[in-house]
1. Between Leu784 and Phe173, how many nm apart are label points set 7 Å from Cα along the C-beta direction?
2. Rounded, prolate or oblate: pick one for segment 527-622, where a ≥ b ≥ c are the square roots of the eigenvalues of its C-alpha gyration tensor, a/c under 1.5 means rounded, and failing that, prolate if a/b is larger than b/c, else oblate.
3. Order 566-578, 513-525 from most to least packed using the mean count of other Cβ atoms within 10 Å.
4. Given a Förster distance of 60 Å, report the FRET efficiency between Phe231 and Ser523 from their Cβ-Cβ distance, rounded to the nearest 0.05.
5. Determine the share of segment 719-793's accessible area contributed by carbon and sulfur atoms, expressed in whole percent, with a 1.4 angstrom probe.
6. Round to the nearest 0.05 the FRET efficiency obtained for Lys733 and Asn312 when R0 = 60 Å and r is the Cβ-Cβ distance.
7. Are any of the pairs Lys627/Lys740; Lys647/Lys678; Lys314/Lys645; Lys334/Lys575 more than 31 Å apart by Cα-Cα distance, and if so, which?
8. If a/c stays under 1.5 just call it rounded; otherwise compare a/b with b/c (prolate if a/b is bigger, oblate if not). Do that for segment 503-570, with a ≥ b ≥ c from the square roots of the Cα gyration tensor eigenvalues.
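The values are calculated or read from the model by the stated rules, or taken from the named source; none is laboratory data. In this text the structure is predicted, and so the values were computed from the model without any measurement. All Cβ positions, even for glycine, are placed from backbone atoms using ideal geometry, and neighbour counts span all protein chains on display. These area figures cover heavy atoms from the full protein model, side chains too; ligands, DNA and RNA do not enter into them. Shrake-Rupley method; radii C 1.70, N 1.55, O 1.52, S 1.80 Å.
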Amino acid sequence: MPNENSCIHCGADCGKHPVLWQDKKFCCNGCKQVFQLLNENKLNKYYSFEKQPGIKIDNPSHNSKYAYLDREDVKQKLYEFHENNIARVTFYIPGIHCASCIWLLENLNRINKGVIQSSVNFMKKELMVNFHTKEISLRQLVELLVSIHYIPDISLKSVDKKDIKSVDRKLIFKIGVAGFVFGNVMLYSLPEYFSGKPLEGNLNLFLSFVSFFLTIPVVFFSGSDYIVSAFKNLRKGIVNIDLPIAIGILTLFVVTAYEILTQTGQGYSDSLAGFLFFLLIGRWYQNKTYQSLSFDRDYTSYFPVAVTKIENGKERSILLEEVQIRDRLIIRNKELVPADSKLIAGNALIDYSFVSGESTPIQKQVGESIYAGGVQTGGAITVEVEKEVKQSHLTQLWNQSENKKSDKRTMVSIIDKISIWFTLIVISVAFSGFIYWLLFGNFSTAILVFTSVLIVACPCALALSMPFTFGNAMRMLGAKGLYLKNSNIIESITKINALVFDKTGTLTQPDRSNIEFVGNKLSDKELAAVISLAKQSVHPLSYALARNYAHVYTMKTDGFVEVAGRGVFAIVDQKKVALGSREYILNENSLQNDTSTRIYVKIDDRPKGYFRISNRYREGVSELIAKAQTEYDLYLLSGDNASEKDKLSAYFQQDRMHFNQQPADKKRFITSLQSEGKNVLMTGDGLNDAGAFMESNVALSVADDIYHFSPAGDAIIEASKFGRLFDFIKYAKKSLSVVKISFIISFLYNFIGLAFAITGNLSPVVAAILMPISSVTVVGFATLSTKLLAKKI
């Protein structure tokens, strides 16, 4: 624990001659340099999370060590993205260990302005950094991290993007050593087990010493993770779940060493080797389960992004998994580039904010490369796929996009606090049991009770309850047609008390509506120009128009512009063509007596008329709204006119329907609902409604056969499953109930286990077997329950 002579940065003892700066003590110049760096950049908050959160600087000199990072071939291998002097790279940093680390590493831009954004994946100990290569080079970035002693683990193997982490071989070796020792020690102890008393003479003494010496590698190799983890966290003033296990290991070892060396007893070599062996088996199982969950998340729970492929001169919709190298794809305005590609035709203006955080679009010329994750912000372009599609990469980008809906009062934070107090209580109970049995029983029983209590009581099952329940629920929902950004969205869904629906493209299916033109008849060439413009846009009405006239030939468009929620404009065949709302085309307000959805047309500044679209509602919408209105406040927001207000009044209250809404109006409306204390789920397309999506507590996109990806969304539902939305929400709530039941199972296990252990009826070996069984029980219950509940949807 820290004392008056502790280093203010890392907590190490400063010795007789500490390094001083502003009356503060440091153990070395390296720690002083880091403290000065943080102080100069006003990052002192780093030290407010924990006392002495830093790591000791062993060797601050790195002037030439990272010179190889200036080589272009190395940089290109490490870069995940590099465009227009902006690069993205991900480092594995073993030194990430606490909340202070996360805070400091996510504030690198305050130390060096060349850093655009940095984010930490604490579980994987990974740091993702976007930075300006003209302001800070890759080498300088790494040296910056080293200067604050977060040393990236960079090797040639880490450069190979095809490398997939395999089973932790070190853990397998530890299990092997523990199993070998356990088997041999048990063999040496067989005479005592069968006869009830040890062998006599020198043979017993010899076997006792052999057993003891065999347990040394078990404790300090197989059990090293528990001991080192507990020690390091204790130095930082942190109590983690490894502490009681480490105390149990060391207690059994010390007592065994004393009894064997003084020849006052047989020691506990068999119990020590046995419980460490089963403990490590349990850890291996948990690791395999976590890896399985992670694998499913990265490669199975895909959001249903589809793209348009050009095949034999015709357009065809295909899923991303069907995209092959050298396929030619059409990327329209606001559509995502799904894989690294080469521009074949069109004027590309790529927005890489989804990848790098930099929102300034980049102009691309024919023949230039475009990175996966870029979004086209102009007219339609044609690209040729150069690398295979990695949906795991797109999913990762989606997961790492800024989550504005974070809630400090989540169940995850509650579980973390419970786990800390749980550990302290278990240690107290163990010491109390030891003292009791020492006074009213005997030393041997006291030791067994002490270690059994420490081993059997574990908050692991408690900590596993939520990630496995929500993780499995997320996979079940994905199989049913609802794709979630991450498992935390499930908890957000359970808090929803207001549903806000967009009309066009959400409640309605424009592509299945009747469309007719009203006005001056368009010539074949004018119709082709209009449809060519509509094909550039991702708005549901433009898409419906283009699909209805799919047989019309396409003409080249230039200077494409789309005003969200209002209309589109371009030069087509040397004519100025515009499509959109009455306000955008005619500069007039919508007519009060409009009886249909309309797309107005203007060619060379002359109004031509409008396309009248009779809306057709999605199957299951009426049932969905009828169910939802019994439990939620329902609202309708539409950029369309009020032509169907009377029809919709059967589902929405008059004062809860809002028409002719611009994107800014929708965003303000969501904010106003939240100011009233409502948790809002909004459904829409995520592009024209991006502002409202960003404000809502849960943003849900509806996906037809082609989905235009929006990073603002938290979830995507297949259009054919939209009518089941209410059932999906109910399933999320039931999943939360499964988590609560899992908590109860975990507490019951610990209560019963402690009751047996404190009364001296549980050996350390049996306790070690029961400990992973509790985790298996919770995982099994969560998996089975969520699967059974999913079948009822």
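1. 3.9 nm
2. Values: a/c = 1.98, a/b = 1.28, b/c = 1.54.
In terms of gyration-tensor shape, oblate.
3. 566-578, 513-525
4. 0.15
5. About 73 percent, which is the carbon plus sulfur part of the accessible surface.
6. Once rounded, the FRET efficiency stands at 0.75.
7. Numbers: Lys627/Lys740 26 Å; Lys647/Lys678 27 Å; Lys314/Lys645 39 Å; Lys334/Lys575 24 Å.
Where the Cα-Cα span goes over 31 Å, the pairs concerned are Lys314/Lys645.
8. Oblate, because a/c is 1.5 or more while a/b does not exceed b/c.
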